[in-house]
Every structure is written in structure tokens, then in C-alpha cells.
1. Give all pairs with beta carbons closer than 7 Å in which a residue from region 151-178 that is under 12 Å from Ala129 (Cα atoms) and more than 16 Å from the ligand (Cβ to nearest atom) meets a residue that is at pLDDT 95 or above and assigned to a loop (DSSP other than H, G, I, E, B); count only pairs at least 6 apart in sequence or on separate chains.
2. Checking His37 against (1) away from the ligand (no atom under 16 Å from the Cβ); (2) open to solvent by less than 10 Å² (accessible area, probe 1.4 Å): exactly one of these is not met. Which one?
3. Name, by its number, the condition in (1) open to solvent by 10 Å² or more (accessible area, probe 1.4 Å); (2) touching a Ser or Thr at 6+ places or on another chain (Cβ under 9 Å) that does not hold for Tyr231.
4. Could you look through region 86-132, keep only residues that are buried (at least 20 other Cβ atoms within 10 Å of the Cβ) and more than 22 Å from the chain's Cα centre (by Cα), and pick out the one that is nearest to the ligand (Cβ to nearest atom)?
5. Considering region 191-201 alone, what residues qualify as being within 10 Å of the ligand (Cβ to nearest atom), in a loop (DSSP other than H, G, I, E, B) and crowded, with 24+ Cβ neighbours inside 10 Å?
6. Just a yes or no: is a residue in region 207-214 more than 16 Å from the ligand (Cβ to nearest atom), buried (at least 24 other Cβ atoms within 10 Å of the Cβ) and outside any loop (DSSP other than H, G, I, E, B)?
7. Which of the residues spanning region 263-276 are open to solvent by 10 Å² or more (accessible area, probe 1.4 Å) and touching a helix residue (DSSP H, G or I) at 6+ places or on another chain (Cβ under 8 Å)?
8. If Phe63 satisfies all but one of (1) in contact with a Lys or Arg (Cβ under 7 Å, 6 or more places away or on another chain); (2) open to solvent by 50 Å² or more (accessible area, probe 1.4 Å), what's the number of the condition it fails?
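The values are calculated or read from the model by the stated rules, or taken from the named source; none is laboratory data. Since the model is a prediction, treat every value here as computed from it, not as a measurement. Backbone-built Cβ (ideal geometry, glycine too); neighbour counts: all protein chains shown. Each accessible area value is taken on the protein alone, full model and side chains, heavy atoms only, with ligands, DNA and RNA left out. Shrake-Rupley method; radii C 1.70, N 1.55, O 1.52, S 1.80 Å.
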Amino acid sequence: MTFDTPNGLQLLHTPGPTHLPAPVLQALITQPTDLEHPQLAELVARCEAGLKQVFATERAEVFSYMANGHGAWEAALANLVPPGGKVLVAGSGYFAEVWGLYAEEMGVSVVRTPTREGLPLDPAAVEAALRADTAHDITAVFAVHTDTASGLTSDIPAVRAAIDAAGHPALLVVDVIASLGATRFRMDDWGVNVALAASQKALMLPAGLAFVAADDKALAVARTNPTPRAYWAWERRRSELLYRKFCGTTPHNLLNALAASLTLILGEGLDAVFARHARVARAVHAAVDAWSQGGVLSFNGSVPATRAASVTAICVADGFEPNDIRRIARERFHVSVAGGLGPRGHRMFRIGHLGDVDTAAILGCLGGLEATFRTLSLPVGEGAMPAAIAALGSR
Ligand SMILES: *Cc1c(COP(=O)(O)O)cnc(C)c1O
């Protein structure tokens, strides 16, 4: 692999991992203390309080695992679903699909609502599937807020409304891994029982921490659920003793970094963070709109209002190779974007615009992509950069 400069700025625009801001990098390289040091307990308490603010919950308890998002999925399954139990997975794309496959691997049977290409999950299908479950065998509805594969954000309050309309007692478990800290999410107000997040997305941390917020209803279900579990068990982790809370050594450096990230997010203010993501997303969407006029690139999402604030999935017409776009963008223009996922993933690439993104970063990313398309003689419409700049100026 040859880079035209070995040391220049490299822009990371994947939907995880994401760019690490300087205060987070600095927080990572501090010395850990001994495990009984009062500073460590204070750090953990600060992180938990900050996470609750970001989840917008007062009632839930937050559990932090040394894991990635897949670990958070397993934590929800192991704590909530009895052996041979059943969950409903609301089809929204590849991430919902894989979560369902994980459930099946754990011996759980899965009812799926259909994934609709280019559209988010369908709350009406969730309601119908719950009405059909007259025996109330379904323990939980699993929904992905922003499906990172499709680049679309689903309406979570509508899922809660669907569960209530069906008169079904299922818990609502939401994967906010790609949306927490990028898109408005209000756990308590939206009637979400369990929310799952991971460190390496809009929380601007390296991979390595997974977060599960569980409310009293979810904790009560877990208490009587006989599924064998040790590391994931919420009951075991409900302790002030750090070696119990973390099932072993506390990840001091990652928590230091989390505290730094929470200080940045809460210092900016959640509303301002969401507005910044929306503004940056508008710039990306404006550029993709302009590029699409060339007839080769197109949005995956057919309804503009459902396009995510954190990631954009772009389809590439046959005859052009998405991996060439990614390779040239990375090697020549130092911009990393992600490949596609799922059945049509080989025809897509994805721009991550979450976490530590602002005007300079997104213009660098879009400019690098524009240069990549020119290099590949890929037919794209004119005016993407002026459109993006105009969108950044809009409120
Ligand atoms: C990234 C992601 C995951 C998986 O997280 P990992 O940390 O890679 O295990 C799950 N769900 C969504 C919506 C994601 O964006």
C-alpha cells in the first residue's frame, strides 16, 4: 500500500470506530490506580451518572462491560430470555438480522418482521406479530434505532406504541449503538426497558466498552430468568464493590477516556450535539444528492426523513466497484469510509459521520470522496461541495 504522504492527517469516517478527540486520547494514557483507590470508585460513579444523562434515564441502572456491541446483545439475551424462550426482532437491516441470529445461536426462537429494503423497521408489522402471539410467549421486542447497515433511523416511540396497542407485556430492548450521542434518544420518555450501546461510535472512544441500561421491569424479568450466565449477569454486577460490578478488574483507562468523552458531550450539551450531527448529515445528504445526478451513486434510503444523522449508506451501480472507491479514498486521499453489509452490501459503501465530526472533518471527507470519484472517472453530478457547504451554513 502506498500513501502519497506517510504522515498526513488520516480522516476516519467509518460508523465505528470513529475519530478520537485529543482529551480522550490523553485520558487513555494515564496510569491506573490500585483497585481500591477512592479515585477509581469516584470515576466509576461519574461515568455511570454521565451515561444515564446520555441515555436520558433516571430509572434505569447502567452496566458497563469490557466488550463490544455484540457483547451487549448477548448481555440482553442472557439476562432476559429463558431457555427456549422467544423474542421478536423488528427487521431493519443487517444489524437486526445478526442480532436475531445471535439469539438463535443461544437457543432462543426468533419471530422476525420483514426487512424492507431502503426503509426503517415497520411498527405496524410489530403490532401485528404481537397480536398474533396470544399466549404472550414473546419476552422482548428487539429494535435497532439506527441500523448502521441501511443508514436509516427507526421510530422507537412508534414501536412502544405498537407494543401497547397490542396489549402485549413484551419488554422493549433497543440497540442504540450507532445513535447514542448522535440522534435524540430518550429511554424513559419513550418507554424503553433496555438500551444497548458501545464505546466506539458517537461516544468517541476506542472499542472495548459496552453499556447496557436496564429499567426496573427488565431487572425484575432478569431476576427470575433461569438462563445460566455469569459474566453478563446483571444481579451479580449490582454491587458497589468494583470487582463485582465489573466481574474482575476495572478498566481504568477506558473509564478515564469515557469520563473525558462524557465531559465533552455534556459540556457541549446533548441538544447541541444532536443539532451538530443533523447539520453534518445534511451536508453529506446534499453532497450525495448532487453526486447521484450522475446516475451511478444513489441513497440506500428512499425516504429522506429516515436517513440517519450518523451514517449514510450509498449504493453503487453495476460496473463500478465500491471497494475501489474505498481503496482510492484511503490510499490517495486519506479518507476511510466503510464497506456495505448484508445481502446488497457488496454494492455499497458507507460514510460514518458520528462522534467527533464537525465542519472541517466532513468537508475533508466529502472532498476526498469527490477527488476519488474524479480519479476513478466515476460519473457523478456537479456541485456536491458547494451544496455541502451551503447545508453546513444552514440552521
Ligand atoms: C456497530 C454496531 C453493532 C455492533 O457493535 P460491535 O461493537 O461491532 O460489536 C451493533 N449494532 C449496531 C446498530 C451497530 O452500529
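1. Sorted first by the residue in region 151-178, then by its partner, the pairs are Ile163/Ala170; His168/Asp133; His168/His136.
2. Here His37 clears every test but (2).
3. Of (1) open to solvent by 10 Å² or more (accessible area, probe 1.4 Å); (2) touching a Ser or Thr at 6+ places or on another chain (Cβ under 9 Å), only one is false for Tyr231: (2).
4. Val108
5. Our first condition is that a residue be within 10 Å of the ligand (Cβ to nearest atom); within region 191-201, this holds for 196-201.
Subsequent filtering for residues that are in a loop (DSSP other than H, G, I, E, B) retains 199-201.
If the condition is that a residue be within 10 Å of the ligand (Cβ to nearest atom), in a loop (DSSP other than H, G, I, E, B) and crowded, with 24+ Cβ neighbours inside 10 Å, then Ser199, Lys201 are the ones that fit.
6. Scanning region 207-214 turns up at least one residue that is more than 16 Å from the ligand (Cβ to nearest atom), buried (at least 24 other Cβ atoms within 10 Å of the Cβ) and outside any loop (DSSP other than H, G, I, E, B).
7. Thr263, Leu264, Leu266, Glu268, Leu270, Arg276
8. (2)
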